[in-house]
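No lab work stands behind these numbers, since they all come straight from the coordinates. Only a predicted model underlies this, so the values are computations on that prediction, with no experimental measurement involved. All Cβ positions, even for glycine, are placed from backbone atoms using ideal geometry, and neighbour counts span all protein chains on display.
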Amino acid sequence: MVNLSVTVDDGHLPAIDQVAEALRARGMEVAQVLDGLGIITGSAPAESRSALTDVEGVASVDEELSYQLPPPDAPVQ
């Protein structure tokens with residue numbers, strides 16, 4: 001499973017909940033629907049990313065990048 005951020009195109013913002021349902025039907029576990037931003041976050045198997053891109057109203061599907069800082073007591077690099 002990879003964490004994803006889906007951007008909904010401007011024309012489908014009023015129907016963002018229907019876009020989220022279509023993403024669920026294609027295997028995405030929707031965590032949040034940020035209707036004010038037009039973004040849907042969640043996770044899905046890596047191999048389903050292209051199927052999610054094909055959902056009507058989806059402008060882009062991007063993998064969320066993460067980073068972790070070293071612990072405070074780690075030596076300076």
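The table below gives the values:
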read-out: Neighbourhood net charge (15 Å Cβ-Cβ; Lys/Arg +1, Asp/Glu -1) for Val2; value: -3
read-out: Positive-end extreme of charge dipole, the chain - chosen from Gln32, Leu13, Pro71 (charges on Cβ); value: Pro71
read-out: Range in the chain, longest, excluding exposed GluC sites (Glu not before Pro) [loop by DSSP; at most 12 other beta-carbon atoms within 10 Å]; value: 1-55
read-out: Theoretical ellipticity at 222 nm over the chain - DSSP helices of four or more residues, -39500 (n - 2.57) apiece, nearest 500; value: -5000 deg cm²/dmol
read-out: Contour excess over end-to-end distance, with Cα ends at Asn3 and Ser60 and 0.36 nm allotted per residue; value: 19.1 nm
